[in-house]
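Shown next, in structure tokens, is the structure this report addresses.
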Amino acid sequence: MADLMDVSVLRGVGDLAVEQRPVPSPALGEVLIRVGSVGVCGSDVHYFRHGRIGDYVVRQPLVLGHEGGGTIVAVGEGVDSSRLGQRVAMEPGVPDRICRECKAGRYNLCPNVRFFATPPIDGCFAEFVTLAADFAHPVPDSISDDGAGLIEPLSVGVWACGKVGVGPGSRVLISGAGPIGLMNAQVARALGATEIIVSDVAPTRLEAATRFGATVLVDAREPDAIGPQLEVDAFIDCSGAPPAVRQGITAVRPAGRVALVGMGADELSLPVSLIQNRELTVTGTFRYANTYPTAIALAAAGRVDLDGMVTGHFGLDDVESALSADKDPANLKVIVEPGRR
Ligand SMILES: [Zn+2]
């Protein structure tokens, strides 16, 4: 194997370059993965354009990318060599495993988690990465490398749908028809939800939603389109838009649940008396925990369509184009292929 590899590095706001770095060696309990596909996430785009997301600030060169799929090409001490050649989905956040949250099984809330492409931890827009062996989840050949990478955003949907108790016959409202909204719609469908109402302000995005589980499309710009008449069991906000959050909450029936997934305004006003009178449960979500096996099973069984969400592929030398693809609303998910030449 070569000693050096190509890596796409964010050197500053809007400043990307391909650099050569040593291929890392897998440490105790780690595997070395040849990266096949990496989905581009809104957070990558945000770091590229603004150099920060809230308190996470890019202060040194950072490798972006955290939705990775690939193949194990070397194993560190303590890892069974039978894993060589295994195709995997990379769960990008490795927790410390010893803190209170980890002990309680809530490892997504670990304060010491090392998460790909979150400063100062490098991501996987690279030919090779190392990862804790148990966070490299095997995938069957029925899942492509693109699909293996997109297990990550699918996991966000698995987690959010679980938080709000989506199940057989559920009526669900999802605001925001971007990739995360559509992942949630797909998971809701797979879990047996029968009414999946998806709202967005962009007609192009809404059209795509019908292919990914939406049973009802709502133009969020229409006044009163979203309200108590919808009587949904669950509302998953994937827009982060304050009006969508407030309106969506009014659509939830008594004892229903609300998950705030989308990131937007840090603060907003909520209809508190309505939440009280209907005894609604409102929760945030932060990434996910223990969702990869479920997400992989859903994809392997064909209950969700990941490849169908992919609208473009780019090489490491064209990451800037990949990070700009969101300017065309017809793009859902674009993929960086570090081995592409
Ligand atoms: Zn921890």
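The values are calculated or read from the model by the stated rules, or taken from the named source; none is laboratory data. This structure is a prediction, so every number in the text was calculated from the model and none was measured. Here the Cβ positions follow ideal geometry from the backbone for every residue, glycine too, while neighbour counts run over all protein chains shown. These accessible areas exclude ligands, DNA and RNA; they are computed on the full protein's heavy atoms, side chains included. Shrake-Rupley method; radii C 1.70, N 1.55, O 1.52, S 1.80 Å.
Summary of values
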item: Selection from the range 110-169 of residues that are under 23 Å from residue 21 (Cα atoms) and of a type outside the set (A, V, I, L, M, F, W, C); result: 114, 118, 119, 120, 122, 123, 127, 130, 149
item: Condition met for residue 77 (out of contact with any Pro (no Cβ under 8 Å at 6 or more places or on another chain) and either modelled with pLDDT of 95 or more or buried (at least 21 other Cβ atoms within 10 Å of the Cβ) (or both)); result: yes
item: Strands (runs of 3 or more DSSP E) completely within the range 180-254 that count 3 or more residues being over 19 Å from residue 288 (Cβ atoms), in contact (Cβ under 8 Å) with a residue 12 or more places away in the chain and not aliphatic (A, V, I, L, M); result: 195-200
item: Residues satisfying the stated conditions in the range 91-148, i.e. within 16 Å of the ligand (Cβ to nearest atom) and either part of a strand (DSSP E or B) or among the polar types (S, T, N, Q) (or both); result: 93, 94, 108, 112, 114, 115, 118, 121, 132
item: Scope the range 28-55; condition in contact with a strand residue (DSSP E or B) (Cβ under 8 Å, 6 or more places away or on another chain), touching a residue at least 60 places away in the same chain (Cβ under 8 Å) and either among the hydroxyl-bearing types (Ser, Thr, Tyr) or more than 27 Å from residue 147 (Cα to Cα) (or both); matching residues; result: 37, 43, 47
item: 2 or more residues closer than 18 Å to residue 139 by Cβ and of a type in the set (A, V, I, L, M, F, W, C): qualifying strands (runs of 3 or more DSSP E) within the range 1-79; result: 30-39, 67-75
item: Residue match in the range 326-338 (condition: among the small types (Gly, Ala, Ser) and either surrounded by 15 or more Cβ atoms within 10 Å (Cβ to Cβ) or at pLDDT 95 or above (or both)); result: no
item: Filter pass, residue 82 being in a loop (DSSP other than H, G, I, E, B), hydroxyl-bearing (Ser, Thr, Tyr) and either open to solvent by 30 Å² or more (accessible area, probe 1.4 Å) or more than 24 Å from residue 327 (Cβ to Cβ) (or both); result: no
item: Enumeration of residues in the range 9-27 that are free of Cβ contacts under 8 Å to residues at least 24 places away in the same chain, open to solvent by 30 Å² or more (accessible area, probe 1.4 Å) and within 25 Å of the chain's Cα centre (by Cα); result: 15
item: Single condition residue 57 does not satisfy, out of (1) at pLDDT 95 or above; (2) open to solvent by less than 50 Å² (accessible area, probe 1.4 Å); result: (1)
item: Qualifying position, being within 28 Å of residue 239 (Cα to Cα) and more than 17 Å from the chain's Cα centre (by Cα), among 54, 76, 65; result: 54
item: Filter result (touching an Asp or Glu at 6+ places or on another chain (Cβ under 9 Å) and not small (Gly, Ala, Ser)) within the range 260-286; result: 260, 261
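Quick grid of which residues meet (1) over 17 Å from the mean Cα position of the chain (by Cα); (2) open to solvent by less than 60 Å² (accessible area, probe 1.4 Å):
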| position | (1), (2) |
| --- | --- |
| 189 | yes, no |
| 206 | yes, yes |
| 219 | yes, yes |
| 250 | yes, yes |
| 263 | no, no |
| 269 | yes, no |
